[in-house]
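The structure appears below as structure tokens.
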Amino acid sequence: MEYVLNKNGRGILLSMVRAIQENKAYLGEIDGLIGDGDHGMNMNKGFSVYAETLGENETSVSDGLYDLGTNLLNKIGGSMGPIYGTILLHMSEQAEDVERIDLPQFIKMLESGMEGLYEIVDARPGDKTLVDTLYPALAALKAAEGAGKSFTVALEDMKTAAETGKESTRNLAAKYGRSARLGERSRGFLDAGAVSCCIILKAMASSMQKQMEDEDVPDSDWL
Amino acid sequence: MQRILNNPDHIVDEMLEGFAKCHPDIVKRVFPSEDNARGVVAAREGCVPGTVGVVTGGGSGHKPAFIGYVGKNMCDAAAVGEICSSPTALAFLDAFRAANGGQGVACLYGNYSGDNMNVKMAVKMAKKEGIAVKTVIANDDVASAPKDQREKRRGVAGEILMWKCGGAKAALGGTLDEVIAAAQKAVDLTRSVGIGLTPCTLPAVGHPNFEIKDGTMEVGIGHHGEPGIEVCPLETAGQMAKRMVDIVVPDYPFRAGDETVVLVSGLGATPLMELYVLFNEIEKLLKERNIRIYKSYVGNLFTSLDMMGATLTIMKVDEEMKPLIDLPVNCAGWKQF
């Protein structure tokens with residue numbers, strides 16, 4: 001199958017939550033090197049509160065992204081609340097009223113998230129922020145679409161691009177955000193936002209890949 | 001770390017509870033929206049109907065900023081964030097709602113990326129509700145960017161004088177544009193610099209997240225430990241004062257014959273006694289330059305948790321600004337009669 005059903009959002013959203021929860025301490029450590037050390041704590045708080053609200057309920061991808069985004073926006077504050085809140089709300093908007101999320105649809109969602117982000121931050125690729133993860137991730141999806149690759153393979157390309165983009169922040173000097181005060185002294189360290197963005201995108205992609213894979217296996221009851 | 005704490009994760013909310021109980025004659029907590037359980041701190045009487053509302057906000061850990069400047073003739077409401085972290089857009093919106101007296105709201109805050117984003121979103125949300133909000137962003141910290149990039153500079157203790165002048169203009173019946181103009185003028189006339197002697201510790205983290213080595217000091221340090229322009233061996237009060245004056249005075253520049261407001265704030269853990277020693281030296285240096293002090297303030301007025309050190313803020317005043325500086329205020333963190 002080359003799409004995930006919008007209505008099957010619970011697994012995708014919870015995989016994002018789990019990925020952040022598992023990396024809480026790691027994100028805090030990274031942020032402590034050139035930031036103020038609270039990135040893991042804040043992200044974990046926002047994502048966990050969302051998971052608690054969701055409880056045992058089902059959710060669509062679009063509703064889930066909306067609820068998670070609103071949560072981050074209204075409960076986290078700092079810079080990451082509005083940044084991730086904006087990205088997720090824009091992605092959600094693109095998926096509203098859509099039954100199937102396929103490659104072109106997912107590109108639309110991520111592109112809209114990126115545009116929303118650009119409206120509120122001045123950072124662009126090369127400034128040592130999460131843009132350095134998000135931008136190449138989106139570019140990889142588009143390249144895969146152009147090359148006629150399947151959604152699953154495109155997501156694999158996106159994961160690789162996000163990882164490479166995240167790693168690229170190590171050799172950059174920060175221009176925006178709190179670590180920008182360090183300028184040249186921030187070289188040699190990963191940007192915490194680029195890392196969390198990579199974690200979220202990879203969790204999302206893997207969960208969608210798994211859903212598509214599971215759907216391809218014939219139901220055993222039928223055999 | 002030896003602190004007066006329960007659960008460090010609840011420090012902001014417990015502090016707010018204590019603050020409101022201690023100053024019921026000055027402030028009240030209000031809760032305009034369910035999703036912002038922390039609410040906002042508002043002046044006890046609220047915004048006087050028919051006047052412009054004055055709002056500020058920022059991360060916690062800078063006491064008495066920001067809530068300590070809510071009260072009569074200064075700020076009408078303040079949004080409260082986690083320690084060193086901007087309040088949410090919703091918290092700013094709630095502060096706008098609490099301060100709105102029908103004549104619009106002036107949001108006067110400091111130049112930090114998180115605050116900029118959240119305020120920008122809150123202003124949009126407020127517009128949908130029919131509340132007109134205009135902003136002034138304080139950028140008085142000389143050490144945080146060169147003069148030709150003033151828009152990148154951080155806001156520090158100079159924010160207090162922005163609130164003082166903007167709040168006074170609103171109390172005197174100024175329109176939204178007049179309040180904004182007064183606050184902007186106050187920012188434009190103001191320059192600051194800080195010197196840090198020790199780092200600060202986020203209670204939930206438990207250890208300092210940057211270092212200032214024993215026997216050294218960091219000139220130009222920011223309110224969250226943002227690196228300064230120079231780390232050098234610890235100096236005498238006289239030498240520190242000279243460094244600060246030499247950075248602040250030429251930047252504006254303040255000239256012989258100028259009348260100024262001088263504000264020396266501790267960063268949280270420096271005893272008041274030492275701040276007066278520093279002020280004494282600063283006064284001498286300004287006198288040598290024939291820069292006159294119209295009014296002066298010394299205290300822990302805008303702090304950085306438990307950092308040791310101080311900031312110097314100088315603002316030039318003219319006949320338009322003097323009455324705004326002189327207007328009495330009654331806030332928890334600032335009283336003037």
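Every read-out reported here was derived from the displayed coordinates using simple, explicitly stated rules and does not represent laboratory data. Just so it is clear, the structure is predicted and the values come from calculations on it, not from any experiment. Backbone-built Cβ (ideal geometry, glycine too); neighbour counts: all protein chains shown.
Key figures for this structure:
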quantity: B:E129/B:E45 FRET efficiency (R0 25 Å; Cβ-Cβ; nearest 0.05); calculated: 0.70
quantity: Proxy reagent accessibility, fewest Cβ within 10 Å first, across B:F66, B:F92, B:F337; calculated: B:F337, B:F66, B:F92
quantity: The protein assembly as shown - Rg (one decimal) and Dmax (whole number), Cα, Å; calculated: 24.9, 96
quantity: In order through region A:124-134: 3J(HN,Hα) via Karplus (6.51 cos²θ - 1.76 cosθ + 1.60), integer Hz, x for Gly, Pro; calculated: 9, x, x, 9, 6, 9, 5, 4, 5, 8, 5
quantity: Relative contact order computed over chain B (Cα-Cα under 8 Å; 6+ residues apart), in percent; calculated: 17
quantity: Restricting region A:19-113 to GluC sites (Glu not before Pro) in coil, as DSSP defines it, with at most 14 other Cβ within 10 Å; calculated: A:E56, A:E58, A:E96, A:E99
quantity: Over 24 Å between alpha carbons, listed pairs B:K72/B:K127; A:K159/B:K124; A:K24/A:K149; B:K169/B:K316; A:K128/A:K159; calculated: B:K72/B:K127; A:K159/B:K124; A:K24/A:K149
quantity: Fewest-first sequence of B:I325, A:I12 by Cβ atoms within 10 Å of each Cβ; calculated: B:I325, A:I12
quantity: Global size of chain A as Cα Rg and Dmax, reported in angstrom; calculated: 17.1, 63
quantity: Loop sites in region B:1-67: GluC sites (Glu not before Pro), DSSP, at most 15 other Cβ within 10 Å; calculated: B:E34, B:E45
